[in-house]
Structures are given as structure tokens and as C-alpha cells.
Amino acid sequence: MSAVAPAAVPARRKSVLDVDDWVVRGALVVFGGFFLVALVMPLFMMVTRSFQDIRGDFIGFANYILYFQTPALFQSINNSLFVAGLSTTIVIVLAYAYAHALTRTRMPFKGFFRVMAFVPLLSPSLLKAIALVYWFGNQGVLKELLMGNTIYGPIGIVIASVIWTFPHAFLIISTALSLSDGRLYEAAEALKTSRLRVFFTITLPGARYGLISATFVVFILVFTDFGVPKVIGGNYNVLATDIYKEVVGQQNFGMGAVVSMVLLIPAVLAFAIDRFVTRRQVALLSSRAVPYEPKPNRWADVSMLVYCSIVTILILAVLGMAQYAALVKLWPYNLSLTLENFYFEFEGFGWSNFYNSLILASFTAVIGTALVFVGAYVVEKPRGSVAGRQVVQFLALLPLAVPGLVLGLSYIFFFNHPANPFGFLYGTMAILVMSTVTHFYTVSHLTAATALKQMDNEFESVSASLKVPLHRSFFRVTVPVCMPAILDISIYLFLNAMTTVSAMIFLYSSTTKVASVAAIHMDELGEVASAAAMAMLIVYACITVRLLHLLATRGLLRRLQAWRTRDA
Amino acid sequence: MAEKNGGGAETFLRIEHVSKIFGDFRALNDISFDIHDGEFVCFLGPSGCGKTTLLRCIAGLEFQTQGSIHQCGVDISWLPPSKRDFGIVFQSYALFPNLTVTDNVAYGLINKKLAKSHIEERVAGLLSLVDLTLHAHKYPSQLSGGEQQRVALVRALAISPGLLLLDEPLSALDAKVRAHLRREIRELQKSLGVTTVMVTHDQEEAQTMADRIFVMSHGRLEQTGTPNQIYDAPASPFVADFIGVMNFIPVTVTGKSRVRCERLSLDCETDGFAVGTRLNGAIRPEDIVVLNDSEGGVNAIDAVIQEVEFLGSYVRLYLRCAEIGDHELRADVPKSAARRLAIEPDRRVRIRIPPESIRLYRDES
């Protein structure tokens with residue numbers, strides 16, 4: 001080897017790209033394209049449409065002026081803010097106490113109560129509203145408890161909203177509370193700090209970001225929810241029902257777009273503030289933190305057991321009443337039990353709605369999980385293409401800020417546009433899958449990103465040094481190691497696809513109508529028992545899949561246990 | 001493979017004017033050097049000195065902002081890692097947790113489309129090389145840190161790379177295992193003759209393992225040389241301070257072979273520095289001789305023992321001398337000598353600083 005390198009410094013040039021670099025670049029382009037079609041362009045079309053009249057001519061801010069000059073429409077903003085604000089306040093307090101009981105006391109049956117907290121996730125939000133109608137409606141069992149007030153309106157919306165958003169608030173707050181450093185409490189105790197002072201100086205600051213995050217999440221969920229106010233709102237108009245009325249009732253797409261903007265802007269703001277606040281949460285918990293171990297405290301443990309039991313009973317009372325409603329022949333006159341409500345024998349309805357839901361949820365889970373995980377991998381792991389990866393990451397976070405109704409309406413504007421080459425998707429199952437994957441993309445992406453971040457960053461470097469292509473390492477190492485997270489993402493997408501209404505309500509066609517939309521429509525027609533039955537089908541499917549998921553996870557973990565345990 | 005070591009061999013890796021800039025931060029500043037075929041080189045320096053960045057540039061995991069890198073005479077400056085010829089071991093080992101030891105070691109071989117029997121043979125050979133045959137079917141989490149590190153090492157060596165890169169490979173291990181692995185890695189490297197670059201912040205590790213040490217600081221190459229050269233003739237106060245222990249006293253040149261510190265005049269080689277120049281005088285603690293009371297000679301001075309530290313086989317004295325004011329001197333004395341001289345705090349002793357042990361540096365501050 002006598003060849004010695006030339007002494008001159010070569011001019012700067014671009015690095016040589018290998019196959020992996022091209023694969024990553026290709027993937028980034030594909031993801032950019034996906035978000036362009038599934039999110040950016042539709043939203044752009046909606047914004048444009050809010051400046052157009054019914055015929056599609058540009059009219060500037062005329063729609064907005066008309067909107068803010070119409071008291072009936074304008075009042076909805078107040079109503080939406082009111083029910084969202086009140087529901088959020090109540091649910092944060094309730095969920096905090098519940099999470100406190102599960103993380104900071106020695107209360108018995110914690111596992112059971114944890115499972116119970118998630119029961120509301122298994123049914124669409126409208127089912128809670130239907131159950132409330134049976135409990136407190138005009139012919140409700142406990143109507144007298146309302147002392148002459150009607151459940152149809154803000155009271156019903158708030159109660160139903162509190163129930164269906166409870167699991168979301170609980171999950172975020174309990175995660176924040178469980179991430180506490182026990183040594184802080186030991187130090188406080190050694191310094192003879194009072195319990196109250198410990199709460200205000202250690203517990204609350206530690207859970208601060210969780211509380212803020214939960215507040216924003218719940219507020220947006222209620223603010224943008226359609227199912228609950230549609231079923232139990234009565235004459236009490238909120239923004240979500242206004243959009244529906246403008247678009248479906250009056251075919252006034254321009255005004256629908258304006259209301260969507262009114263709905264979208266607070267959601268985007270809340271999202272931005274939440275991102276800004278939680279970004280400062282880094283390194284709150286050092287890697288050497290010791291988990292907090294609560295000490296027995298008879299009074300606290302018993303009172304929390306009572307509290308959690310009451311919450312659980314309420315949750316089960318709602319689901320139980322829905323189940324009962326689905327089985328009763330003719331409420332409240334003939335209370336004999338029947339399966340007739342499950343026949344759905346009227347025009348345009350049937351078990352096909354339920355099958356559509358299953359198809360939608362399955363495709364969403366399979367395609368969505370694959371898309372989300374590959375997307376998160378491309379964003380998190382490879383070297384190079386920094387700018388492209390940042391763009392895709394931003395796009396992946398964006399869907400969280402877009403309410404389902406707004407997304408659905410945007411899809412109408414974009415895919416129904418005569419000049420759109422993707423127009424063939426309109427009215428198909430594919431567009432339902434696309435909108436659902438997009439709608440629930442962000443949380444799935446964050447789950448995948450968290451799992452990937454926990455993996456050693458040098459796996460890819462080692463693979464490259466061993467001349468093993470990226471995709472091979474991806475399937476041989478990354479996917480198996482992240483399998484628990486992948487299963488979590490798939491169940492998350494499945495459950496949400498089964499229960500969501502918002503985007504579907506604008507995008508279904510006669511052949512692709514899903515169960516949640518069918519339930520809304522049957523309720524609208526006064527067939528409340530059938531609506532309850534249809535919604536219960538969703539619950540059965542969700543429970544079944546949830547159990548399958550549990551089994552799969554257990555089996556998988558047992559199989560993977562080999563490389564997780566320390567002892568040989 | 002014949003053993004080929006140290007100077008005189010052919011250039012294997014040539015780094016020319018390499019700089020790396022992150023935003024406003026210069027991580028590497030115009031670095032040039034050659035590494036010979038079969039050599040074991042250590043990049044040594046405190047954290048943030050750029051040693052890991054330099055290693056990652058050699059691997060292609062980062063790209064230098066300027067400069068070129070040649071391996072075996074081929075310009076690899078802009079090649080991605082997959083097109084370069086190296087094996088790498090990280091501090092975290094980066095063993096694939098879901099694959100057995102065997103599968104981890106075979107990871108790079110399977111891609112080479114070799115016969116299955118051939119792969120099995122090679123993996124078995126590699127595992128026996130590092131005494132891991134009995135662990136072949138275990139998963140990484142079932143192994144100790146030292147065992148995991150050995151798996152990472154043979155996984156990197158499995159594809160017979162021309163260049164082995166080690167990124168702080170031993171710093172996650174406890175002292176005993178570390179000392180053992182040092183020798184094991186060194187012996188393996190020698191027997192295979194693979195050119196090796198190791199990054200470390202542990203000077204003892206560098207001194208026991210390397211053919212040559214490259215001391216780095218603030219993105220610059222401070223000094224290159226054999227462990228002995230670096231220790232005995234540090235090129236700068238930084239190197240002198242970083243490698244081993246060093247006393248520093250401010251001195252002024254007062255004549256040919258004569259310097260002064262406060263009120264103390266010392267004989268030493270002044271290397272042509274002009275009279276009146278202010279310099280840093282550096283003396284290794286082990287070079288200071290503690291004398292019997294009666295002894296005298298060149299550079300003999302009186303001192304008081306402030307503190308005594310027992311460090312196993314030797315004793316470190318913290319000394320004060322009235323003539324040099326506030327400057328404390330550290331002197332290392334073998335345990336036997338300490339006993340003989342009845343060393344204890346507050347005792348007055350006579351010490352001698354041999355003129356040849358004083359090294360002078362320009363005052364950099």
C-alpha cells in the first residue's frame with residue numbers, strides 16, 4: 001500500500017448517499033405527501049371556503065360579519081365555552097382525586113379501579129348522553145333529582161362530557177402523579193414539613209404540567225365534541241352542532257366553514273400553549289429518582305376507597321342503563337326485555353353499519369399503526385435529512401389541534417372538489433380510514449416516538465458499521481423491541497375508530513355508514529332504543545378487542561420475557 | 001497476520017485539516033495526523049474536547065465541516081458509514097436486546113451471504129476468543145457488563161474490519177473488570193493486528209493500552225506521542241496537568257540555568273528563555289526527593305508537612321516552604337521511605353527538587 005493521499009485539502013462537497021439515505025429521503029417525501037393530501041390541503045380548502053358564498057364566489061369577510069351579527073350563531077360561542085369550561089373544571093377535580101387515590105394511598109383494589117376508569121373509552125360519547133336521557137330525561141327514572149330542570153341542555157351536556165372525558169384526564173394526571181420522586185417526600189418529612197405544605201410545595205408543582213395538559217386536552221375534547229350535544233343538547237346550541245346544522249341541514253358550506261374556523265382557532269391556540277408549557281417539563285425527574293411509596297393511612301385509604309367506589313358506580317350506572325335501554329321493549333311503558341332493538345329494521349340502517357365500523361377500525365388499526373410507526377422511526381432514528389425530519393415531525397403533531405368535525409368538513413371541500421385527482425376517494429371506505437388515521441395520528445405518533453427514544457441511539461450506527469441495511473435492522477430489532485408500543489397504538493386506533501363520530505358524520509356514504517353515525521341518526525329519528533343497541537354493539541366489539549389485546553400483550557411479554565429478565 | 005506496531009509502518013488513516021463546527025461552536029479545530037497500520041491510538045481528553053466528534057467523523061456518523069479523511073489512501077471524507085470499513089464499539093454496547101449473543105455476533109455476517117456453517121464456525125471461534133462460548137445462547141440482559149462489552153467487541157470484529165473504533169468502551173464498568181478488559185482488548189488487538197482508535201477520558205486507560213496517545217483539548221490536538229513521551233515530556237501545561245499529577249509554581253528566569261520563585265532560587269535548564277521571562281515551572285510529585293535531615297545539595301529546601309495522604313503503595317505529602325509563599329507542593333514518597341523518614345503532619349523536612357525534573361512552560365493565562 002504505497003498510495004499516499006494527496007496533501008491538498010479537497011474543496012467541500014456533498015456527502016455520498018447510500019441506499020439507506022435514499023430510503024429515508026423517500027419515506028420523508030411519502031409522509032410529507034400524505035400529510036399534504038390528508039391534512040394541509042383540506043384545511044387550506046376550508047379556510048378558502050370560509051371566504052366564499054354558496055356559489056363559491058369570493059366575498060371576503062362577509063360570512064364572518066354575518067356570523068358575528070347573527071345572535072343565534074354568536075350565542076353558540078358562549079355556550080360552547082361555558083359547557084367546556086364547566087365540564088373541564090369538574091372533570092379535573094374528579095380525575096385528580098381518583099388519580100391521587102391510585103398513586104398516593106394504600107387503598108385496596110387499585111387494579112380494579114384503574115380498569116374501571118377506562119370503561120368510558122369503550123363507548124362513543126353519544127352513548128353516555130343516551131343513558132342520561134334514560135336516567136333523567138322526560139320519562140327518566142331519577143327525573144325528580146333535577147328539581148324541575150331539564151337534562152336536555154347544558155346540564156346534560158356537562159354531565160355526559162364529564163363522564164366521557166374522565167379517562168383522558170385520569171390517564172394524564174395519574175401519569176404525572178406517578179412520576180414523583182420519593183426522596184423529596186422523605187426530605188420534607190425529615191424537615192418536619194406539614195402535610196398541607198408538602199402538598200403545595202411538592203405534590204402540586206410535580207403534577208403541574210400534567211394538570212395543565214389534562215385541562216387543555218379535556219377542554220378541547222368537550223369544546224369540539226359533537227355526539228353529546230347532538231343527543232342531549234336540546235335547543236342549547238353549541239359550535240359543533242351549528243356546523244352540522246349549517247352543512248347538513250341548510251347546505252350552507254361557507255357558513256359551516258366559518259363556524260369551523262371559530263372552532264379551530266381556540267383548539268389550535270390551546271394546542272400551542274400546551275406544547276409550549278410541556279416543553280419546559282424536561283428533566284423534572286432525574287434518572288436516579290426513587291419512586292414514591294405511599295404509607296398506610298387508615299382515614300385517607302378508606303375515604304379514597306369510598307370515593308373511587310362512587311365514581312365507579314356512576315360510570316357503571318351509565319353503561320348499565322345504556323345496556324338496559326338497548327334491551328327494553330318500549331320505555332317506559334313496556335319494560336319487558338327483548339332483542340328486537342338489535343334488528344335495526346328501518347330504511348338505511350342495519351348490521352351493515354356495525355360491519356362497516358369493524359372494517360373501518362381494522363383498517364385504521366393496521367394501516368394507521370404501520371404508518372405511524374414507520375413515520376416516527378424515520379423522524380427519530382436515522383442520521384441526516386434534518387430539515388425534512390423536522391417538517392414531518394411538525395406535521396405529525398398538527399392533527400391533535402384539528403377537531404374531527406373540522407377535519408371531516410375540510411375533506412368534503414377538498415375531495416369533493418371537481419378538479420381534485422383524489423376525488424375518486426370521496427364516499428369510499430378509504431376516505432373514512434384516511435380521516436380517522438389522520439385524526440388520531442398525533443397521540444399514536446407520540447407513543448411510538450417515546451418507545452423509540454428509549455432505544456439505544458447507536459443501534460443504527462452499529463448496523464451501518466456492520467453493513468446491514470436500515471430496513472433489515474428495523475424489522476429484526478426495532479419492531480420486536482417496540483412491539484408493546486405497537487400493540488398499544490393499534491388498540492388505541494381501533495377503539496377510537498369504533499367510537500368516533502365527528503369526522504364520519506360528513507364523510508360516510510350509504511354503503512359506508514358506520515355504527516356511531518347510525519346511532520346518531522336513529523336517535524335523531526326518535527329510535528332511541530335502537531340507537532342505544534347500535535352503540536352497545538360498539539361497546540361489545542371494543543371490550544372483545546380490548547381483551548384480545550390484553551391476551552396478545554401478555555403472550556408477547558411472556559415470549560419477550562427471555563431478554564428482559566436479568567437472571568439466566 | 002504478522003504483528004506490526006508503532007512507527008515506521010505505512011499510513012493507514014490520514015486526517016488532514018479536519019474542522020467541525022456546530023452553529024457557533026468549534027468542536028474540532030484544524031486537526032491533522034496520520035495513524036499507521038496496526039497501531040493502537042487513544043484520543044484522550046476531558047469531556048467536550050472533541051474526541052468523540054473526531055471518532056464519529058472517522059466513522060462517518062458525523063461529517064466534518066472542513067478537511068479530509070483518507071483510509072488506505074482512499075478518500076472517505078464524504079462516504080456514509082455503510083461504505084466505510086470499520087467496526088465500532090460504544091460505551092452503551094448497543095447490543096440488540098432481542099437477539100442472543102450468537103445472533104448479535106452473527107448480525108453483520110449474515111448480510112455477507114456466507115454459508116450458514118461458515119457463519120456458525122466464525123461466531124463460535126470469536127466467542128471462544130473472548131471466553132463467552134458458554135453464554136452463546138443467552139440474551140444481553142442476562143450477561144454482566146464486562147461480558148456484554150466483550151460481545152460488542154467481537155460483534156464489531158466479526159466482519160474483519162480494517163479499522164476498529166472504540167468509544168469509551170470501558171467507562172461503564174467497575175474498576176476490576178475494567179483493568180482486566182484493558183489487557184484483553186489490547187492482546188486481542190495485537191494478535192489481530194487491527195488498526196484501532198479508542199476514545200477515552202481516562203489517562204490510565206490510555207497509558208496502559210495505547211501505542212500512541214493523542215491528547216486533545218478544546219477541539220485541538222495538544223500533543224501526540226507514546227505514553228512515555230506524553231508523561232515525561234508534556235508539550236503544554238494542559239497536557240502536564242491532565243496526564244498524571246503535576247506541581248505548578250510561577251518562576252522568573254534570573255540567569256542561565258537559574259530561575260526564582262518568590263524568594264527561592266532554583267537551578268534548572270532554562271531552554272534559552274531570556275532573563276526576566278515569567279514562566280510556569282512544573283514538577284512531578286514523584287520527582288521531589290525527601291532527604292535525611294543532614295543531607296544537602298542542589299535545590300535542597302526546607303519544608304513543613306501540612307497533610308499526609310495514604311495512597312496504597314506510596315504516600316502523598318502536601319508541603320509548604322516559607323521561601324515560596326502560598327504555593328503548596330505535592331511530593332510522592334514510597335511507603336518504605338515514608339516509614340524510614342518518620343513522615344507525619346507538622347514535621348519539618350528537607351526536600352530536593354532535581355534540576356532536570358523541572359519543566360518550564362510559557363505562562364498561558
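Every read-out reported here was derived from the displayed coordinates using simple, explicitly stated rules and does not represent laboratory data. Just so it is clear, the structure is predicted and the values come from calculations on it, not from any experiment. Cβ: placed from backbone, ideal geometry, glycine included. Neighbour counts: every protein chain shown.
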Calculated P(r) of segment B:247-362 - Cα pairs past 25 Å, %: 21 percent
For chain A, build the charge dipole from Cβ charges (+1 Lys, Arg; -1 Asp, Glu) around the Cα centre, then report which of A:Tyr185, A:Val366, A:Ala214 sits farthest towards its positive end. A:Tyr185
Going by alpha carbons, how many degrees (0 to 90, nearest 10) lie between the helix axis of B:175-192 and the longest principal axis of chain B? 60 degrees
In terms of Cα to Cα distance under 18 Å, which lysines are near enough to A:Lys245, apart from those fewer than 8 places away along the same chain? A:Lys230
Projected area of segment A:321-413, taken from the Cα convex hull and averaged over every viewing direction, in nm²? 10.1 nm²
Residues of segment B:339-362 with amide N under 13 Å of the 7 Å Cα→Cβ point at B:Asp271: B:357-362
Give me P(r) over segment B:11-242, computed from all C-alpha to C-alpha distances, binned every 5 Å, as integer percentages. 1, 7, 14, 18, 19, 16, 12, 7, 4, 1, 0, 0
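For segment A:29-166, what number results from the quotient of the Cα radius of gyration and 2.2 N^0.38 Å? Please list the in-between numbers first.
Details: Rg = 21.7 Å, N = 138, 2.2 N^0.38 = 14.3 Å.
That ratio works out to 1.52.
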Give the residue from B:Ala338, B:Ser357, B:Thr254 lying farthest towards the positive end of the charge dipole for segment B:247-362; charges sit on Cβ (+1 for Lys and Arg, -1 for Asp and Glu) and the dipole is referred to the Cα centre. B:Thr254
Within the set B:Lys116/B:Lys138; A:Lys467/B:Lys116; A:Lys453/B:Lys20; B:Lys113/B:Lys190; A:Lys453/B:Lys83; A:Lys110/A:Lys143, which residue pairs have Cα atoms separated by over 23 Å? A:Lys453/B:Lys20; B:Lys113/B:Lys190; A:Lys453/B:Lys83; A:Lys110/A:Lys143
Helix B:116-129: inclination vs chain B longest Cα principal axis, degrees, rounded to 10, gives 20 degrees
Which ³J(HN,Hα) values in Hz, rounded to whole numbers, follow from the phi angles of segment A:378-391 under the Karplus curve 6.51 cos²θ - 1.76 cosθ + 1.60, where θ = phi - 60° and Gly and Pro get x? 5, 6, 8, 9, x, 8, x, 6, 4, 4, x, 5, 5, 4
Computed over chain B, the relative contact order (Cα-Cα under 8 Å, seq sep at least six) in percent reads 15 percent
Could you name the aspartates and glutamates in cross-link range of B:Lys176, using Cα to Cα under 19 Å and dropping any fewer than eight places away on the same chain? B:Asp131, B:Glu147, B:Glu168, B:Glu184, B:Glu187, B:Asp202, B:Glu204, B:Glu205
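Across peptide B:95-107, how many C-beta atoms of other chains are within 10 Å of each residue C-beta, on average? Write down the numbers at each step before the final one.
Details: counts 3, 12, 9, 11, 5, 2, 0, 0, 1, 2, 0, 0, 8.
Across B:95-107, the average partner-chain Cβ count within 10 Å equals 4.
Find how much the distance from A:Leu397 to A:Arg25 grows on full extension, using 0.36 nm per residue of separation minus their present alpha carbon separation; answer in nm with one decimal.
Numbers: separation 372, 0.36 × 372 = 133.92 nm, distance 1.98 nm.
In short, 131.9 nm is gained.
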Name the residue farthest towards the positive end of the dipole of chain A from the options A:Leu146, A:Ala485, A:Val40, assuming +1 on Cβ of Lys and Arg, -1 on Cβ of Asp and Glu, about the Cα centre. A:Ala485
Using only alpha-carbon positions, what ratio does the radius of gyration of the protein assembly as shown give when scaled by 2.2 N^0.38 Å? 1.23
Excluding residues fewer than 8 positions from B:Lys256 in its own chain, the lysines with Cα under 19 Å of it are none
Between the alpha carbon centres of segment A:395-411 and segment B:11-63 the gap in Å comes to 47 Å
